[in-house]
Amino acid sequence: MDKGIQRFSKDNTGLDKLTGEIVSVVFNNPDNGFTVVKIVDAAGAETTARGVFPLVAAGQMVELYGTWENHNEYGMQFAVQEFKYVLPTTKEGVERFLGSGLIPGIGPKLAKSIVDYFGDRTVEILNTKPGRLREIEKIGPKKAEQIKKGWQSQIINQEQFIFLHGLGMSPALCKKLLAKYGDKAAQEVRSNPYRLADEVAGIGFLKADKIALEMGVAKDSPARMLAGLVYAVNSVTAAGHSCYPVELLLNEAAALLGIDINENLHNALNLAVKTRAVAVDGNMAYPMKLYNAEHELPKHLNRILNVKKYPAMAISRIQPDTNVKLTPTQFAAVDMVAKSPFSIITGGPGVGKTTVLGELVRRARSAKLDIMLAAPTGRAAKRLGEATGITAKTIHRLLMFDPVAGGFIHDAVNPLECDLLIVDEVSMLDLPLALALLQAIKTGTAVVFVGDVDQLPSVGPGTVLASLINSGIVPVSRLTEVFRQGSGSMIIHNAHRVNRGLMPEMCHDSTGLKDFYWIESDSPERVLKLIEKLVIERIPERFGMSPMHDIQILTPTNRGVLGTAALNDMMQPLLNSNQGGECPQNGYVLRRGDKVMQSINNYDKGVFNGDLGMVSSVDTERRILEVRFDGIVNPVRYEFNEAGELSLAYAITVHKSQGAEFPAVILPLMSQHYLMLQRNLLYTAMTRARKLLILLGERKAVRMAVENYRMEPRYGKLETVLKQECVKHEDTGKTH
C-alpha cells in the first residue's frame, strides 16, 4: 500500500481512509456525480480515486473512505464510499483551489495574486477578514464582496451537499436543492422534508418520505399523515379521476404509508380539508384544483351559451357550397353554429367531420368572421389546418403560457379575440385544460367542439366531451354515415365493426394491396420478428413507406415483451445506428436521429405531453441535445439532466397516440395485454391509421378487447354539476 495511506475503521466498517489534495479531475458526470480524480497525499504519492463525490476541483483537500481495488485496465484505484471536504493547507493547494473556477470572480491569475500577497494566511483571511482582499490591486469593493460570498457559499454548499447526499439524494437532486434554497437548503429539508414534494421538481412524496424517514420522522407523525393523504388524492388524477371515494382514498393512503386506517389518518383528512389542500363533497374527495375546476367550468359554459346575438349567426345568410354534397345531418351541424353559440360535432372515422368543418370555415370566411382553430396536440392541429386552409394551433400555444407568471396569457381578463373557435379532437381534452380554454373564450364567441366520444378518454383527469354530451346542455350533432376512404377501405369498415362490438374481418378480394391486414400468432417472440420484418422490409418494399417517418408501432402498454420499452430497444438500433454522441438516460440512450416523444408538459420550453419529434443534435461536451418537434419552428434545447422528459417513440402506447394519425400503424395485441384490452382502446388504435393498419397477435386477445366495452370507472361529477348549474339551450333538446 502507498506510503501515507492509513487504515481507518469507521463504525466498524473497516473502510480505508485516503487524505490528500486533488491535483486533477480526470472525469466528472454532472448528472450522477460519478468522478475520477488524481489525488496526492502528504507524502507526495499519487493515487487514482473514483466514486460519487462532486463539487470538487484541483486544489481541493478531501478525506475519502473506501476500499482499494485493482482495475484490470487502470491498475490500483481507491473506490470511494464516503467522503469529506477539507480546506487546502499548502500555498500551492490554495492557489489551485481558488483558481479552479469554483469561486466566482477568481481566475488563475487573481488566485496567484491573492496567495502571493497573503501567503500561508490566505485561508484564514478568506474565513475571518475577507475585507482585506481590497488591499490587492484591482480588487475593489464589489469584487471583494463577490469573492467573499463565493468563498462562503462554496464552503457552506460543500457541507450541505454532504448532508443532503447522506440522505440518499442524487448529486443532481442535491444541486437542484442548493440552486433553489441556497445556503438554507439543509435547514429547509430538516424543517419539513415533505414540502420538497410540492416545491422541487423531481421530488415527489415517495422521495420526500424516504428522506423524512431517513431523518427519523415517525411513521405516524401528523406531517407524514397529511403529506401521504394529499399525495394519495392527487395521485388518483393519474388514472383519470377528478375525485375519488373517501373510503377507497383512506385505504390507498394507509397502504401507501404502511399503516392501518386510524384516527390520525382521519384527522389528517380533516386537516387537509381545513387547509384547502383537499375538498370533500358527499362521499367524494377531490384535489382542490379539480373541485374548483368542476364547479367553475359550468359557469363559463353558461356565460358562453347565454347570449342572444353573436357574430357567427351571420353564417345562416351564407349559401351552401353547391360543389360539396352534405347530408341533412351535416347541414344541421353547420347551421347549428348560427343557432347556438356552443355546439358539439361527434362521430367516428370517415363520417365527414372534416367536410363539415371545411364548409363551416368557408361560410365563416364569407361572413368575414375572425376564426381560430385549435387541437390538443401538434399533429392534430396540423391536420386540422391542412383540412381547413387556416393555421391551427395546439390549445397550449393558443392560450400562450407565461413561464414568469405561471399561467396562460389568455384568460378571463385577457380573452381570445375571435368570432368563431373550432376545437378538434376534444376527446383528449382533460378538465384543467378545458377550464383554461373556456375561461379564455370571450362572451359572444361561437364555439364548436369536435371529437369522437367513443375513443379513449383524455390521459388527464375528467371525461369532458362525454360529460358535455350526456348532460344535454349543449346541442350535439352525431354523424354516423361513413364516407371516407371509399367502399374498398377496410380500416374504417373494421373500426366501426369494433365500435359496434363485432370482430374485425379481412377483405376476401385477393388482388391488389389492401389497407388492413390481420396476421394471427400466439407467440410474442414471433410477433416481435414480424414487427421487425414489417418495418424494415415488407412495408417499405410493398407500400413505398419510410420506416422512420411513416410507420408507427402502437401497443397497449409500456411493459412486457411487447411493451414500448422492449419494442423501442429492438427498433432503435435497426432504424438509427448513428454512432455520434449519446445522451444516457435511465435504461436507454438518446442519439441524433432518434424518434422521441415529450412525456410531460414543459411550459418553459413550450413542449407538451405527447409531442413527437426527432433528436437533431447531441453535444456530449456541452451536455446538450436538441429536438425538432412537429409544429415548432425552432429546435428545443435540453440539458442532459432534463432529457429524462423524452422517451423513444419508435413504439408508443395507444393512449399516447390520441390526436395523431400515421400513414401506417402496426398494432400487436396479445393475451398478455389482458389488463388493457378494452373496446375503446382497440377502436382508438385502429383509427390512428390513415393508409395501412396491420394487426398482429391472438384472435382471443382481439375478441377480449371487442367484448370488453365496460371501461374502468372514472370518478367525477362534471355531468351532474352541469345539469345542476347550466340552463339548457333552446336547441339542446335535439340531437341531430
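The values are calculated or read from the model by the stated rules, or taken from the named source; none is laboratory data. Please read these numbers as outputs of a predicted model, since none were measured by experiment. Using ideal geometry, Cβ is built from the backbone for each residue, glycine included, and neighbour counts are taken over all protein chains shown. Side chains are part of the model used for accessible areas, which takes the heavy atoms of the whole protein and leaves out ligands, DNA and RNA. Shrake-Rupley method; radii C 1.70, N 1.55, O 1.52, S 1.80 Å.
Points to keep in mind about this one:
- Charged side chains reduced to their Cβ positions (Lys and Arg at +1, Asp and Glu at -1) give the chain a dipole of some 1560 debye around its Cα centre.
- Angle in degrees between helix 246-257 and the longest Cα principal axis of the chain, rounded to the nearest 10: 30 degrees
- Those GluC sites (Glu not before Pro) in the range 37-77 that DSSP places in a loop and that have at most 14 other beta carbons within 10 Å: GLU73
- Note on the range 581-736: with charges restricted to the Cβ of Lys and Arg (+1) and Asp and Glu (-1), its dipole about the Cα centre is near 680 debye.
- Here r is the Cβ-Cβ distance between LYS219 and VAL307 and R0 is 56 Å; the resulting FRET efficiency, rounded to 0.05, is 0.50.
- Once both labels are positioned 7 Å from their Cα atoms along Cα-to-Cβ, the gap between GLU525 and ARG397 label points is 4.6 nm.
- Helix 378-388 axis versus longest C-alpha principal axis of the chain: approximately 30°, rounded to the nearest ten.
- Label-to-label distance, LYS84 versus LYS129, with points set 7 angstrom from Cα along the beta-carbon direction: 2.9 nm.
- Kirkwood hydrodynamic radius of the chain, Cα pairs, Å: 29.8 Å
- Cβ-Cβ FRET estimate between ILE156 and VAL459, R0 fixed at 41 Å, reported to 0.05: 0.45
- Annotation: average projected area of the range 476-621 is 13.3 square nanometres, based on the convex hull of Cα atoms across all directions.
- Cα shape, the range 348-410, gyration tensor, a/c 1.5 rule: oblate
- Centre separation in Å (Cα based) which lies between the range 655-688 and the range 394-436: 28 Å
- Distance between the range 348-388 and the range 40-76 - C-alpha centres, whole angstrom: 65 Å
- 26 Å Cα-Cα reach of LYS382 towards lysines, excluding residues that sit fewer than 8 places from it in its own chain: LYS325, LYS353, LYS368, LYS393, LYS442, LYS595, LYS605, LYS656, LYS691
- Measuring between alpha carbons in the structure, the pairs from LYS308/LYS339; LYS149/LYS175; LYS17/LYS91 lying more than 20 angstrom apart are LYS17/LYS91.
- Partners of LYS143 within straight-line reach, counting aspartates and glutamates whose Cα lies under 13 Å from its Cα and excluding those fewer than 8 residues away in the same chain: GLU135.
- Segment VAL26-CYS507, length gained on full extension (0.36 nm per residue, minus Cα span): 166.7 nm
- Nearest-ten-degree value, helix 353-366 long axis tilted from longest Cα axis of the chain: 90 degrees
- For the peptides 424-431, 620-627, 595-602, the ranking by packing is 424-431, 595-602, 620-627, with the highest mean count of neighbouring Cβ atoms within 10 Å listed first.
- Cα centroid separation, the range 171-216 to the range 525-559 (Å): 44 Å
- Cβ crowding within 10 Å averaged over residues, with 715-722, 331-338 ranked highest first: 331-338, 715-722
- Formal net charge of residues neighbouring GLY716 (Cβ-Cβ distance under 12 Å; K, R +1; D, E -1): -2
- Structure-based [θ]222 nm, the chain - -39500 (n - 2.57) summed over DSSP H runs of at least 4, per residue, nearest 500: -10500 deg cm²/dmol
- Candidates LEU87, GLY140, GLY168 compared by Cα position along the dipole of the range 57-206: farthest toward the positive end lies GLY140, with charges placed on Cβ.
- In this structure the chain gives 46 Å² per residue of accessible area when probed at 1.4 Å with all protein chains present.
- Rounded FRET efficiency, nearest 0.05, which uses the C-beta distance separating LYS138 from ALA238 and R0 of 60 Å: 0.55
- The charge dipole of the range 104-199, taken about its Cα centre with unit charges on the Cβ of Lys, Arg, Asp and Glu (plus for the first two, minus for the last two), comes to roughly 280 debye.
- Charged neighbours of TYR517, selected by a Cβ distance under 11 Å, balance to +1 (K, R count +1; D, E count -1).
- Where labels lie 7 Å past Cα in the beta-carbon direction, separation of ASN267 and VAL324 in nm: 6.6 nm
- Top positive-direction residue, dipole computed over the chain with Cβ charges, set SER523, PHE608, PRO104: PHE608
- Relative contact order (percent, whole number), the chain, Cα cutoff 8 Å, 6+ residue spacing: 10 percent
- Across the options LEU416, VAL233, GLY460, the greatest Cα extent toward the positive end of the charge dipole of the chain (unit charges at beta carbon of Lys, Arg, Asp, Glu) belongs to LEU416.
- For the range 505-548: rounded, prolate or oblate by the Cα gyration tensor [a/c cutoff 1.5]: oblate
- In range of the label at SER191: residues from the range 268-294 whose backbone nitrogen is under 13 Å from the point 7 Å along Cα→Cβ: none
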